[in-house]
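Okay, structure first, notes after.
The values are calculated or read from the model by the stated rules, or taken from the named source; none is laboratory data. What you see is a predicted model; the values in this text were computed from it and never measured. Every residue, glycine as well, gets a Cβ built from its backbone with ideal geometry; the counts of neighbours run over all protein chains shown. When the accessible area is computed, the model is the full protein with side chains, heavy atoms only, and any ligands, DNA or RNA have been set aside. Shrake-Rupley method; radii C 1.70, N 1.55, O 1.52, S 1.80 Å.
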Amino acid sequence: MRIKKEWNNISIKIGLLFSGVFIGLLLILGFVFHGVFTDMFVDYIKQDLLARTNNHSRILGEHFDQATISHVVEMEKGVRTDVLITDDNQQVLASSVPPDEDMTDHITKANIDKGRVIESDWKNHSYIITISPIKNGGYVYMYYPASILREIVLGLNVILTAGGAGILLLAFASIAIMSKRVTKPLLMMKDATNKMALGRYRQAIPVNGEDEIAQLGKSIQSLGEQLQYFEESRNDFLASVSHELRTPLTYIKGYSDILNKGNIKDLDDQREYLGIIHKEATRISFLINDLFEMSKLEAGYFTMEKEWSSLNPIVEKVASNLKPAAEKKGLNLTTELNELPEVRIDPQRMEQAIYNLVENAIKYTSQGEVSIGTYSKGADVFVKVTDTGSGIPKQDLSKIWERFYRVDQSRTRKTGGSGLGLYVAKKIIESHDGKLSVDSTENKGSTFMISLKM
Ligand code: ADP
């Protein structure tokens, strides 16, 4: 089991793969180098031997007498090579060593007019042998012992093998180090992802550099950060939802309990309490609607049914639907609709976004007016919702788009907002590649602006 695990280790796999390739390359290189070097060396020996044979035969050609023969033989004593001199009839006249069988065997009867190598098979014979004819008759033979060549080649083999083994060791060491460098961060990532699977999302993965492994480490780390963020916002969200539901439910329960006990006899009081129960139940119903919309937007489940359409009829519809609410508060709801090019939108969703903005404008305005305007400029189409209401404090402007964010909790309790309207509106506009922005001054009023590309 343990062995199987070891073989599954990526360092071992990389190490084996690289070592295999390396050994293969080393063997090929070794063979080639060995062959080329040996051939070159043997060639050099042959040429050198032949040159010296020719030299001797030239000297002997000038003076073919006993003194010169002795001089030549003397020259070859104490060196690796040997010389043998014959007359025209292949009778040995002199030699630097007593000739052995292999030397005499090669004395040739052939008519040779020029120096040449007559034996070069150093692997199967005792000598490399050259011959050179002497000008006035006779031959010079020279012998290079094959044993010396074999020793040199053996030495070369030892050097090559030792070098190869050294390189191989070095390669193994560097592969081991390299593999560890790959494996260690991978193992750290494995540990980190295991911990993330257990819910500990924020994990530090200490990786250096910019290579693919480092990038993977950084991606896992930022994935953890994202998961942590989602986890936290999910918890916040659940806390907000339960809080939002609990408050109206407490009212409903409290007032229905009072009515249930039958202590309230006065019909007007009963009506008032029932009115509160109804208002809070409506609040819950709105909240659930908003939550439903939001969850669809969040999960990306909502399908956009886009078509070419003008925004003006949508604005008109929203205005006419909300006119009674505005009038009830004594507000003037006006529209100023300019001619618009058609844009590709989901009319229902767009209506919802505009509805949320106008509804807010009415909700947070106690006197004055709410106006809705449409116009186009260049390649953009705009819907502007302006009110003369409470405005939004500067420090809250960036937060009003967040889920459940409400500027003034006590005020919104009265107005009955859930804190989801702007969040939903912004999501809708953004899924149309548009922008929703706000400009507001406290106690003066606000302007919400939708801009869409044509
Ligand atoms: P809500 O359901 O509470 O209205 P929204 O997401 O629609 O939630 O708005 C978030 C907050 O932004 C509101 O609680 C309110 O404080 C503020 N706000 C939105 N629109 C306006 C406006 N036209 N005038 C003043 N305040 C606004």
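Looking across segment 306-336, the residues that are touching a strand residue (DSSP E or B) at 6+ places or on another chain (Cβ under 6 Å), closer than 24 Å to T388 by Cα, open to solvent by 20 Å² or more (accessible area, probe 1.4 Å) and not β-branched (V, I, T) come down to N312, K323, N332, E336. Taking segment 337-363 as the range and being surrounded by 16 or more Cβ atoms within 10 Å (Cβ to Cβ) and more than 50 Å from the chain's Cα centre (by Cα) as the test, the residues that pass are L337, I362, K363. When D439, D387 are checked against the criterion of being closer than 15 Å to N360 by Cα, at pLDDT 95 or above and near the ligand (Cβ under 7 Å from one of its atoms), D387 stands alone in meeting it.
Specify the residue that is nearest to the ligand (Cβ to nearest atom); the eligible residues are those in segment 423-436 that are open to solvent by 20 Å² or more (accessible area, probe 1.4 Å) and out of contact with any strand residue (DSSP E or B) (no Cβ under 7 Å at 6 or more places or on another chain). The selected residue is Y423. Checked across segment 211-224, the condition of being under 30 Å from F292 (Cα atoms) and surrounded by 16 or more Cβ atoms within 10 Å (Cβ to Cβ) holds for at least one residue. Which residue is farthest from the ligand (Cβ to nearest atom), if the candidates are limited to segment 442-454 and must be under 17 Å from E342 (Cα atoms) and open to solvent by less than 40 Å² (accessible area, probe 1.4 Å)? Once the filter is applied, the top-ranked residue is L452.
Among the candidates L26, L17, L49, the residue that is more than 30 Å from Y141 (Cβ to Cβ), surrounded by 13 or more Cβ atoms within 10 Å (Cβ to Cβ) and not small (G, A, S) is uniquely L26. S366 passes every criterion in (1) surrounded by 19 or more Cβ atoms within 10 Å (Cβ to Cβ); (2) within 12 Å of the ligand (Cβ to nearest atom) apart from (1). Annotation: of all residues in segment 128-152 being surrounded by fewer than 17 Cβ atoms within 10 Å (Cβ to Cβ) and in a helix (DSSP H, G or I), the one that is modelled with the lowest pLDDT is I152. Pairs are defined by a Cβ separation below 7 Å, a sequence spacing of at least 6 or placement on different chains, a first member in segment 393-408 that is more than 13 Å from K426 (Cβ to Cβ), and a second member that is more than 7 Å from the ligand (Cβ to nearest atom) and among the small types (G, A, S); the pairs so defined are F404/S240. If you go through segment 397-422 and keep only what is within 8 Å of the ligand (Cβ to nearest atom) and at pLDDT 90 or above, you end up with I400, W401, L422.
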